[in-house]
Structures are given as C-alpha cells and as structure tokens.
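The values are calculated or read from the model by the stated rules, or taken from the named source; none is laboratory data. Computed from a prediction, not measured in an experiment: that's the story for all the values here. We place every Cβ from the backbone using ideal geometry, glycine too, and count neighbours over all the protein chains shown.
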Amino acid sequence: MKMHKQFKAKPCKRFGAALWKHRKLTLKQEKAILLNKKKMNMSKISNFSLQLRAKQLVSTLYGQLRLQQFKQLIRKSEKYKGKMAHILFSLLEKRVDSCLVQLKFAPTFLAARQLINHQKVFVNNQIVKSPSFILNPGDLISFKDDTKEMIAANVQTVSQQQQNQQVQIYKSLHFEVNYKTLEAIFLFSPQQIHYPTQIEPELIVKSLR
C-alpha cells in the first residue's frame with residue numbers, strides 16, 4: 001500500500017502562515033508567505049470573507065474537510081454543554097484520522113485515511129471503517145500486524161523530519177503511547193490545542209450555523 005507524503009506550500013502562502021508542523025519552509029517560501037500576509041492585512045475584508053477564510057483554514061489543517069462534515073460536527077457539538085467553538089475543535093482533535101497524524105502513525109491526513117479505508121486500524125480491537133470516528137476516553141488504537149512495519153517507518157520518518165527541520169512540536173498529553181507495540185490509549189479530551197497560526201473558532205461556528 002503506497003503512502004502519500006506530499007508536502008504542499010501553496011496553502012501556506014494562501015493563508016499567510018506555516019501550516020505543517022513537521023515541515024519547515026524554505027527562505028523563498030517564507031518571503032512569499034510574508035508578502036501575502038501583508039497584502040491581506042492591508043486590504044479591507046468583509047465579515048463573510050473572514051468567516052470563509054477561517055473555515056477554509058481549518059478545513060486545510062484537518063485534511064480538506066468538506067462542508068457536510070463540518071455541519072455534522074456542529075450537530076454533534078450541540079449535544080454537549082459548554083462553548084460551541086471549544087467543543088467543535090475538541091471533536092476535530094478526537095477524530096481517529098486526526099489522532100493518527102498527531103501520534104505520527106501517519107505522516108498526513110491522506111495517509112491516515114488510506115490506512116483506515118484499507119481496514120488497517122483498530123479501536124478496541126474492532127476495525128475502524130470511517131476516518132470521522134470519534135474517540136472516547138479509554139479507547140485503544142492499534143494496527144493490523146501486516147501494517148506495523150510501515151507504521152514504525154512513518155513514526156521514524158516524521159520524527160526525523162521534525163528533528164531536521166527544528167520545528168517546535170507540542171506533545172499530545174491526552175494520549176498514552178507505546179511506540180514499541182505501536183499502540184496508543186486516548187486518555188481525555190484535549191483542553192488546549194496548539195495551532196501553527198491564529199484561528200478564530202467563533203468565526204467558523206458563525207459561518208456554519
């Protein structure tokens with residue numbers, strides 16, 4: 001099974017920020033992003049444009065989520081008590097494809113979804129069939145034996161990229177991970193989420209309701 005590891009700099013230029021945690025931009029890319037960011041700051045932007053940009057940014061960060069997927073998450077968020085924006089982002093972080101990327105088991109969201117679609121991922125020893133599956137505290141992530149060699153290679157590759165590029169990485173405290181057995185237990189919902197650029201969650205909620 002071929003894994004996708006393509007790095008795209010165009011979204012970084014579009015949103016005026018370095019979006020990918022495990023890849024550092026070249027000097028030329030950084031200059032292009034800075035120039036585009038200055039243009040955005042100088043131009044007058046409507047509320048609709050701000051909401052649209054915020055939604056597109058989050059969609060990009062989480063592997064090109066579709067509008068329908070956002071609306072499904074909003075409906076799920078309404079079932080919980082608390083701030084809608086915080087609950088929405090907590091659900092995004094608890095998606096199984098997002099967790100695979102956070103844990104370095106997959107280098108990209110596309111690679112994570114490929115693993116899931118090929119039925120290589122287990123949660124509590126049951127095959128996961130959907131990338132949108134939401135983890136609950138105590139859930140155990142594991143993999144089919146014939147995939148573990150590739151998963152171990154993914155972990156090593158992403159770790160090496162982070163080390164070489166000297167990118168600041170925040171440890172996911174809501175997991176207990178064993179990289180020897182390639183298993184992880186989801187402990188609790190994340191209370192604080194670190195993003196590579198500023199995000200205004202309320203704008204996204206307004207654009208979807």
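Within segment 92-100, is there a residue that is over 11 Å from LEU182 (Cβ atoms), touching a Lys or Arg at 6+ places or on another chain (Cβ under 7 Å) and not acidic (Asp, Glu)? Among the residues of segment 92-100, not one is over 11 Å from LEU182 (Cβ atoms), touching a Lys or Arg at 6+ places or on another chain (Cβ under 7 Å) and not acidic (Asp, Glu), which makes the answer no.
Matching residues to (1) among the charged types (D, E, K, R); (2) modelled with pLDDT of 95 or more; (3) on the phi > 0 side of the Ramachandran plot:
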site: LEU100; (1), (2), (3): no, yes, no
site: PHE105; (1), (2), (3): no, yes, no
site: LEU110; (1), (2), (3): no, no, no
site: ILE116; (1), (2), (3): no, yes, no
site: LYS120; (1), (2), (3): yes, yes, no
site: VAL123; (1), (2), (3): no, yes, no
site: SER130; (1), (2), (3): no, yes, no
site: ILE134; (1), (2), (3): no, yes, no
site: PRO137; (1), (2), (3): no, yes, no
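Selection of segment 106-130 for residues being touching a helix residue (DSSP H, G or I) at 6+ places or on another chain (Cβ under 6 Å) and among the basic types (Lys, Arg) yields ARG113, LYS120. Where strands (runs of 3 or more DSSP E) fall wholly inside segment 86-196, no range has 3 or more residues that are among the acidic types (Asp, Glu), farther than 24 Å from THR60 by Cα and touching a residue at least 60 places away in the same chain (Cβ under 8 Å). Entry remark, segment 55-92: residues being within 21 Å of PHE186 (Cα to Cα) and of a type in the set (Val, Ile, Thr) number 1 in total.
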